[in-house]
Amino acid sequence: MRGQDRALPEAPIGVAVIGGGPAGLSAGLQLVRANRRIAILDSNRPRHSATLRSHGFLTRDGAPPLELRRLGREEFESYPSAIYAQAVVREVVPLAPEEARAAGFPDGIGFRVRGTGIRGSADAEFTARRVLIAAGLTEELPALPMIRAYYGTALHSCVECDGFEKSAAPLALIGETSDVFARALLISRFSSDLIVFTNGADTVTPEQERQLASIGIRVERRPIDDIVGDRAEMTGVRLADGEVIPRVGGFVRPRWHAPVEFLGELGIERDGWGLVVVDERGETSIRGVYAVGDIVPPGPQQLIIAAGEGARVAAKLNMDMIRGALGVGVVDE
Ligand SMILES: Cc1cc2nc3c(=O)[nH]c(=O)nc-3n(C[C@H](O)[C@H](O)[C@H](O)COP(=O)(O)OP(=O)(O)OC[C@H]3O[C@@H](n4cnc5c(N)ncnc54)[C@H](O)[C@@H]3O)c2cc1C
């Protein structure tokens with residue numbers, strides 16, 4: 001079925017999975033193997049599209065991220081109850097209990113899902129017993145004109161993913177959030193030649209600055225003008241006052257947004273960083289709506305964590321639906 005989407009059937013779906021990254025594909029695979037009818041809708045905007053190699057995924061260390069996706073999609077689609085559609089989910093609306101029962105959902109919980117087809121695929125509209133949000137995160141990098149040109153090559157966001165390749169290099173950490181101190185400590189495992197650029201933000205305390213200084217890490221609080229380089233190679237960070245501090249690469253801490261606009265007015269609980277809060281089973285504050293992958297805390301935001309959590313939450317979802325059919329609630333152990 002590669003290259004064309006299997007048509008969405010008239011029959012209702014067990015779980016609508018929003019997002020076909022490692023979290024959604026892994027959950028989808030477990031759920032079709034549990035004999036569930038699963039639809040994955042994906043808008044084809046993976047977070048790591050900026051990079052050519054992904055690291056740390058056991059058996060696939062160094063594989064191109066798109067290759068991982070291709071393999072995952074193929075495995076999922078090899079099951080007859082698997083549906084994969086290239087579509088942007090626009091709307092998720094809970095059904096009234098009687099509507100849900102009429103749709104064949106025994107516990108009276110269900111959702112209408114609407115999406116717009118992309119790349120020539122048809123629009124999607126169907127009902128599903130449960131929704132799993134695996135939509136990843138959208139990233140907002142510090143507002144520096146050239147930063148995108150170096151993101152995914154010289155500058156990365158995931159220290160666990162790309163720190164090893166930066167060993168012993170003169171590095172920058174650019175971040176305007178309060179977690180830059182912890183990130184700097186993590187990066188110090190790879191290079192002692194590290195400068196933390198706060199870009200004018202007051203996010204490193206004097207005590208943290210003292211601790212960083214004790215291991216040779218400097219904090220640069222002056223605002224940044226831009227990243228500078230020679231063709232594809234990053235060569236430094238230019239400050240607003242014109243000084244260029246030589247750096248060959250490093251890390252940036254983007255601000256993240258959980259892309260859940262399709263929930264409309266439905267309130268969903270988020271944490272202080274804007275990520276979606278879930279309980280220990282992966283269910284959000286909306287009954288029947290689960291979330292997994294980068295979009296939920298605490299991370300680390302890595303492919304293998306997203307895939308592993310996808311499998312774990314799939315097991316909880318499956319049991320929730322089994323229990324729901326018996327009318328015995330969601331407690332599963
Ligand atoms: C530059 C960069 C490099 C990285 N390198 C590594 C690495 O080397 N190793 C590693 O382990 N991790 C790496 N990561 C982190 C890794 O990419 C994430 O942890 C992982 O992709 C999270 O998986 P996910 O399934 O939660 O989300 P994603 O992989 O982001 O997938 C989410 C999917 O949901 C789709 N989506 C969003 N909204 C909708 C909607 N409304 N309707 C339909 N679909 C929607 C998106 O298009 C996307 O395809 C990197 C990240 C970045 C940014």
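Taken together, the values in this text are just the output of simple stated rules run on the coordinates, not laboratory data. Predicted model only: the values in this text are computed from it and were never measured. Note that we place each Cβ from the backbone using ideal geometry, even for glycine, and neighbour counts take in every protein chain shown.
Worth a mention:
- Adding -39500 (n - 2.57) for every DSSP H run of four residues or longer, then dividing by how many residues the chain holds, sets the calculated 222 nm ellipticity at -7000 deg cm²/dmol.
- Dipole size of segment 244-310 about its Cα centre, with +1 on Lys/Arg Cβ and -1 on Asp/Glu Cβ: approximately 400 debye, rounded to the nearest 20.
- Euclidean distance between Cα centres, segment 82-129 to segment 284-333, Å: 18 Å
- Net charge dipole, the chain: roughly 720 debye, given to the nearest 20, about the Cα centre with Cβ charges of +1 for Lys and Arg and -1 for Asp and Glu.
- Taking other C-beta atoms within 10 angstrom as a stand-in for reagent exposure, Thr205, Thr51, Thr59 fall in the order Thr59, Thr205, Thr51, fewest first.
- Percent antiparallel among DSSP beta bridges (both partners in segment 142-252, rounded to 5): 40 percent
- Between Glu283, Glu176, Glu165, the GNM of the chain built on Cα springs shorter than 10 angstrom shows Glu165 fluctuating the most.
- Residue exposure proxy: Ile83, Ile133, Ile322, Ile286, ordered by other Cβ atoms within 10 angstrom of their Cβ from fewest to most, comes out as Ile322, Ile286, Ile83, Ile133.
- Assuming charge only on the beta carbon of Lys and Arg (+1) and of Asp and Glu (-1), the dipole of segment 165-264 about its Cα centre is about 260 debye to the nearest 20.
- Residue with peak Gaussian network fluctuation, the chain [Cα springs, cutoff 10 Å], from Arg231, Arg101, Arg119: Arg231
- Two numbers describe the Cα atoms of the chain: Rg and Dmax, which are 22.0, 68 Å.
- Cα gyration tensor shape of segment 142-252, rounded if a/c is under 1.5, else prolate or oblate by comparing a/b with b/c: oblate
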